[in-house]
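**Student:** For reference, the structure I am asking about is given below.
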Amino acid sequence: MQGAAFEAVIGLEVHAQLLTASKIFCGCSTAFGAAPNTHICPVCIGLPGALPVLNRSAVDYAIQAALALGCAVQPRSIFARKNYFYPDLPKGYQISQYELPIATGGALAFPSGGETRRVGITRVHMEEDAGKSVHDGFVDADRRSYVDFNRSGVPLIEIVSEPDLRSAADAAEFFSRLRAILVWLGVNDGNMEEGSLRCDANVSVRPRGQAALGTKAEVKNLNSFRFLQKALEHEIARQIDVIAEGGRVVQETRLWDAAAGRTVSMRSKEEAHDYRYFPEPDLPAVVVAAARIDRIRAAMPELPDARRARLIAQYALSDYHAGQLVQSRAVADYFEATVKAGAPRATAQTANNWVMGALAAKLNEIGAGIAASPMSAEQLATLVIEIDSGAISGPIAKDVFEKMFGSGRTASEIIAAEGLAQIDDEAQIVALIAEVLAANSGPVGDYRGGKTSAFGFLVGKVMKAAAGKANPKRVNELLKRALEA
């Protein structure tokens, strides 16, 4: 019960690698997975005399992300040197932005507990990533550490939230929503396993109703929504226990130990003065003209929340179905292309069912994303048309889909070539029904005696006799008429 007397105060710092082809201050490749220390040059490994040159595309991507979050892009921003020593930081300092970042303000809103949670964005700033330390061996005598500088100099944006979050679940939801926006824009690949998106969380607790903030701890390098939520849940409970036992929470940096299910102390928390910031002497100020911002804004895609609302209004989809589609911009694009190609004979709901159902399952089976689908949206539209026109039944549609996938053939071509068109002719269906009733006198008697479950059995027999090609609606109507005659 002591937890109910406290509330958590949480702010996030999200580090997102930008999807540029080259690093932020040099021409080295940013491609992931290369052999260690092959994507390096004098600039990104900090050799004396090597001078940085700012990557224009990195600035454009940072502006896109800032605009999507409702931030004000600053006409002038400054790079600074953030001085600290890591084995994988070869210069002994990181080029980052401090007092004058690329963007400030903004917010991200999402539903939480029946209301809208609005989380302010303090700033978006640009910086370079550090290298990566690799540790081999577990016994001190056999332990070896190596440094891979391929990641050194990869462009990052750091998105810093206001301390507006009050629960671990909301923090995970905020991180998830932020990831969706960055991936949607194409400025980040969202691959947390590879470290291209990671999060630090600042968390403190205070007596509920108190305005003053408690002492915060920072939990570093969380690379999944699940780890973020679990780490915060543990850290909140830990801090409440410390206070309840008469102790004092220490300001420090902690790490999440997933195996042990707890946070562990890493070091005392640095303050800004510990980093000895000063303006980067080798880089001029970043000056962003209003025309450039307008050009980037005009070229940006419709954002996920706006697209969800439009899909609901334009195609009469449910909030759930529209929400599923906008999990991926490529999927939403494919869906709309399918509806457009099939208009006006294909319905949006049928298109959605096939895009999110059979097509998604098939792509998952072959390990492909929708952008690499062997079946185009125009092809799938031909199947949707045949289904919505009543030309083929559901079971036949599944068979046609399997034959279409990867073949390049349209639904109409397969239906015509294999004689799969749905049987709508009343005389044919009546004849099939007569054969089934004659061969199944027992179930017929059961139905006429009041056992209505026998009806489904007889429908199945008629559909089997028709090889699945009979119109199910007509079969039901004509069978009922025959049984009650």
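**Student:** Run down S389, S373, S328 and say which single residue is among the hydroxyl-bearing types (S, T, Y) and over 22 Å from E413 (Cβ atoms).
**Tutor:** Going through S389, S373, S328 in turn, just one is among the hydroxyl-bearing types (S, T, Y) and over 22 Å from E413 (Cβ atoms): S328.
**Student:** Being more than 24 Å from L54 (Cα to Cα), within 26 Å of the chain's Cα centre (by Cα) and in a helix (DSSP H, G or I) is the filter here, so list the residues in segment 272-318 that pass it.
**Tutor:** If the condition is that a residue be more than 24 Å from L54 (Cα to Cα), within 26 Å of the chain's Cα centre (by Cα) and in a helix (DSSP H, G or I), then P304, D305, A306, R307, R308, A309, R310, L311, I312, A313, Q314, Y315 are the ones that fit.
**Student:** Can A368 be described as in a loop (DSSP other than H, G, I, E, B) and either within 30 Å of L479 (Cβ to Cβ) or touching a residue at least 40 places away in the same chain (Cβ under 8 Å) (or both)?
**Tutor:** no
**Student:** Now, a different point. Search segment 230-253 for residues being crowded, with 20+ Cβ neighbours inside 10 Å and under 27 Å from the mean Cα position of the chain (by Cα), and hand back the single one that is farthest from M192 (Cα to Cα).
**Tutor:** The qualifying residue farthest from M192 (Cα to Cα) is I236.
**Student:** Can you tell me how many residues in segment 184-239 are over 26 Å from D305 (Cα atoms), in a helix (DSSP H, G or I) and not aliphatic (A, V, I, L, M)?
**Tutor:** 6
**Student:** Between R179, R151, which is under 11 Å from the mean Cα position of the chain (by Cα), in the same structural domain as A72 (by TED's automatic domain parsing) and either more than 19 Å from E128 (Cα to Cα) or buried (at least 19 other Cβ atoms within 10 Å of the Cβ) (or both)?
**Tutor:** R179
**Student:** Of the residues in segment 323-352, how many are of a type in the set (A, V, I, L, M, F, W, C) and under 21 Å from N188 (Cβ atoms)?
**Tutor:** Within segment 323-352, residues that are of a type in the set (A, V, I, L, M, F, W, C) and under 21 Å from N188 (Cβ atoms) number 5.
**Student:** Being among the hydrophobic types (A, V, I, L, M, F, W, C) and buried (at least 18 other Cβ atoms within 10 Å of the Cβ) is the filter here; which residues of segment 159-176 pass it?
**Tutor:** Residues satisfying the conditions are I159, V160, L165, A168, A171, A172, F174, F175.
**Student:** Go through segment 280-296 residue by residue and tally those that are surrounded by 15 or more Cβ atoms within 10 Å (Cβ to Cβ) and more than 30 Å from Q327 (Cα to Cα).
**Tutor:** 4
**Student:** In segment 297-337, how many residues are surrounded by 17 or more Cβ atoms within 10 Å (Cβ to Cβ) and farther than 22 Å from A109 by Cβ?
**Tutor:** 6
**Student:** Still on this structure, please answer the following. Hey, among the residues in segment 66-95 that are touching a residue at least 40 places away in the same chain (Cβ under 8 Å) and among the polar types (S, T, N, Q), which one's farthest from P304 (Cα to Cα)?
**Tutor:** Across segment 66-95, the extreme among qualifying residues is N83.
**Student:** Within segment 77-108, which residues are among the small types (G, A, S) and at pLDDT 95 or above?
**Tutor:** Residues satisfying the conditions are S77, A80, S96, A103, G105, G106, A107.
**Student:** Of these, V187, V203, which one is surrounded by 15 or more Cβ atoms within 10 Å (Cβ to Cβ) and within 20 Å of A62 (Cβ to Cβ)?
**Tutor:** After ruling out the rest, the residue left standing is V187.
**Student:** Could I ask something else about it? Name the pairs whose Cβ atoms lie under 7 Å apart, with the first residue in segment 374-400 and on the phi > 0 side of the Ramachandran plot, the second of a type in the set (S, T, N, Q), and 6 or more positions between them or separate chains?
**Tutor:** G390/Q422; G390/N471
**Student:** Next question. Residues to consider are L325, L283, L311; find the one that is at pLDDT 95 or above, touching a Lys or Arg at 6+ places or on another chain (Cβ under 9 Å) and not hydroxyl-bearing (S, T, Y).
**Tutor:** Just one listed residue meets the conditions, L325.
**Student:** Something else now. Filtering segment 1-29 down to residues that are surrounded by fewer than 21 Cβ atoms within 10 Å (Cβ to Cβ) and polar (S, T, N, Q), which residue is modelled with the lowest pLDDT?
**Tutor:** It comes out as Q2.
The values are calculated or read from the model by the stated rules, or taken from the named source; none is laboratory data. Nothing here was measured: the structure is a model prediction, and the numbers come from that model. FYI the Cβ positions are ideal-geometry reconstructions off the backbone, even for glycines, and counts take in every protein chain you see.
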